[in-house]
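Participant: Quick one: the structure is below, and I'll ask about it shortly.
The values are calculated or read from the model by the stated rules, or taken from the named source; none is laboratory data. Computed from a predicted structure; not experimentally measured. Backbone-built Cβ (ideal geometry, glycine too); neighbour counts: all protein chains shown. Protein only, heavy atoms only, side chains kept; ligands, DNA and RNA dropped before computing areas. Shrake-Rupley method; radii C 1.70, N 1.55, O 1.52, S 1.80 Å.
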Amino acid sequence: MAGLLNSQSMQPGAGAQPAPTSQGQLQQPGAQAGAPDKQLDDPLLIQTEQAIEQSVPPEHRQMFDSIVLAGMNVMFSKETSSLMEQQLDEGGDLASNVSDGVAKLIMIVFNESKQDINSFMPASVLAAVVLMCQALDYAEQTRGAQVTPEVVAMCTKQTQLKVLKTFGVSEEQVNQVAAAGMQQMGGAAQPQPGV
Amino acid sequence: MGLGLLFAGISGAGKALAADAAREQELSDRQQLEAQRAKLEEERALRIDEVRRQRDRQGAQQMGQQISAETAMLQNQRDAEAINAANGSQMSAEDAQVLRNNPEARKAYGLLNSTRQTDLEDRATAAEKLGYLDAARETRGQLQTEFVNQRSIKQDENADKRLEAEQKWRERQSDLAAKREDRMARLAEAELGLRRAQAAKADSREQQAAEREARMATVAAMKGYETEIKQLAKDAADPLLAPEQKQVIQQQIEDARRQASALRRTLAGAGIEGGSAPSKPFNPADFPLAGGKSGAAGGAQRAANPFNLGTANPAAGEISEAVERPRPTPEKRLSPKEMAVAGLDASMQQTGKQIAVAQSRGDAAEVQRLLDQFQQQNAARLRAMQQ
């Protein structure tokens, strides 16, 4: 599944199994210095995206991919990219702007897709993180924004909370679910990527 | 039982086929997904490129505006300081802003208008002050290029001016030479006229006219040399002429001075200054011809006998001793009778030399003609002596 980020490394017949990739394979050969790459530029963001891609459950895969594609279409198509520009130029810190923008984007995609919320919401939380990585990379390349591990961590947490909030899930409910999960696993719950 | 196995086999095959179809569909969906993702990645790269270019343009524009504003401030500050220094005022840079586009006011305050070079220099300084070192470097490079171009243009202009100056100098030289020839020709003609008048025993009125013409021709020749010296001195001071040309001019000045000095001595010896009337009796020997040809070489050497009295044709051969007679020295004051005799002597000597030349050439007709002329001169001399 991580082959989505690098169409050249996609192996036919790999099925649903995620193809392991390394960071070096994501760089397109012959890319000119200073020219924007077709993939993310920041290794931290690449790593975050890969982790999310690998953690998507098979039953949510299709929905996940559709949400990511729809979100990227809104972010980067010539007709609608101005929305992202406006969001990034708003005052305030980078993490708040990006997380607000991604939450709004997810809501737009949900409204347009007319999907059932139960099938949409789980995939959307994961897809939101991928879209967040795309937006942070864009801000870094066009505005010189400083994307540090702290910024990524904070932005990931805020993005997920804001997306859940748009679907009516409060932060307290999230904390309750997280606590219950940890209890169930005996305190050895696998930490969510980016939180 | 066999049928059961058959049905089981068929069912299994069917399930396998269905699974294969599902896998193929999944692959197809995956490829389609990847294609869409790749397209969106390209769009992302395009948007990033567009935004970067736009921001670069805006940045450059903003930088340019900042540099222009800082440049204006520097120039205003300089103007204000100049005015304050001259008038003891306390004008600020903001006050001086109103003078920027007012040429009359600037002139009234004695401020120089900025040139392209000073503008570029100020822009480079402003850029450095604002920290835009690349822009400053580029502006200084442009300034240097303009300096080099201006220098090259100036060199070409100077070369053209030098050529023009040289051309004009040559024209003046030619003009001076022509005038000098005219003067010398007039002087020679006056001298010849004088001798003819004396040889023909013309009356005193004609002799006086000839004397006056000889005097005037000498004065004109001397003044001509003085004018020539002034013109040559101006030429020598021309910075556009080459050093070797100036050496030629110096030589010409010296020659002209010698010639003029000889003529001045002649006139002083004859008691004549410039165009004033003679103060003593006329003596042809007092009017030596200073330079019988164009050019200033050798004039001083002929000053002792500048009118070439008694000298032969320069191309003449051996002089016949029969026509050699002692010549009166210029210092001795002769009577009119003696002057007439001396003039005829000189003419006879000249004729004698011409005879020798004609004889050496084998020109019998010319020899006969000259002999007739000699006899006439001799007869005139005898008559003059008997008076």
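Participant: At a probe radius of 1.4 Å, figure out the B/A buried accessible area, summed over both chains, and give it in Å² to the nearest 100.
Facilitator: The contact between A and B buries close to 2500 Å².
Participant: If you find the alpha carbon centre of segment B:1-45 and of segment B:189-229, how far apart are they in angstrom?
Facilitator: Between the Cα centres of segment B:1-45 and segment B:189-229 lies a distance of 135 Å.
Participant: Using unit Cβ charges (K, R positive; D, E negative) and no other charged atoms, how large, in debye to the nearest 20, is the dipole of segment A:99-195 about its Cα centre?
Facilitator: 80 debye
Participant: Ignore the peptide's own chain and count Cβ atoms of other chains within 10 Å of each Cβ in B:110-116; give me the average, rounded.
Facilitator: 0
Participant: Put B:Tyr132, B:Tyr109 in order of accessible area, largest first, 1.4 Å probe: what do you get?
Facilitator: B:Tyr109, B:Tyr132
Participant: List the chymotrypsin sites (Phe, Trp or Tyr not before Pro) within segment B:134-226 that DSSP assigns to loop and that have no more than 10 neighbouring Cβ atoms inside 10 Å.
Facilitator: When the chymotrypsin sites (Phe, Trp or Tyr not before Pro) of segment B:134-226 are filtered for loop state and at most 10 Cβ neighbours within 10 Å, nothing remains.
Participant: For A:Glu85, B:Glu171, give the ranking by accessible area with the largest first, probe 1.4 Å.
Facilitator: B:Glu171, A:Glu85
Participant: Suppose R0 equals 51 Å. What FRET efficiency, 1/(1 + (r/R0)^6) with r the Cβ-Cβ distance, do B:Met216 and B:Ala69 give to the nearest 0.05?
Facilitator: Between B:Met216 and B:Ala69 the formula returns 0.05.
Participant: Compute, for B:Ser335, the solvent-accessible surface of its heavy atoms (probe 1.4 Å) with the complete set of protein chains present, and express it in square angstrom to the nearest 10.
Facilitator: 40 Å²
Participant: Once you have a ≥ b ≥ c as the square roots of the Cα gyration tensor eigenvalues for segment B:62-177, tell me rounded if a/c is under 1.5, and otherwise prolate or oblate according to whether a/b is larger than b/c.
Facilitator: Oblate, because a/c is 1.5 or more while a/b does not exceed b/c.
Participant: Taking 8 Å as the Cα distance limit and 6 or more residues as the minimum spacing, I'd like the relative contact order of segment B:65-181 as a percentage.
Facilitator: Result for segment B:65-181 is 21 percent.
Participant: Considering only protein heavy atoms and a 1.4 Å probe, what is the carbon-and-sulfur percentage of the accessible area of segment B:1-134?
Facilitator: Carbon-and-sulfur percentage of accessible area, whole number: 55.
Participant: Ignore the peptide's own chain and count Cβ atoms of other chains within 10 Å of each Cβ in A:69-77; give me the average, rounded.
Facilitator: Across A:69-77, the average partner-chain Cβ count within 10 Å equals 4.
Participant: Quick one: Debye curve from the alpha-carbon atoms of segment A:46-93 only, equal weights, vacuum; give me log10 I(q)/I(0) at q = 0.26, 0.27, 0.32 Å⁻¹ to two decimals.
Facilitator: Result of the Debye calculation: -0.92, -0.94, -1.04.
Participant: Cα centroids of segment B:338-387 and segment A:153-183: how far apart, whole angstrom?
Facilitator: Their Cα centres are 146 Å away from one another.
Participant: Summarise the partner chain shielding of B:49-55 as one whole number: the mean count of Cβ atoms from other chains within 10 Å of each residue's Cβ.
Facilitator: Partner-chain Cβ atoms within 10 Å, mean over residues of B:49-55: 4.
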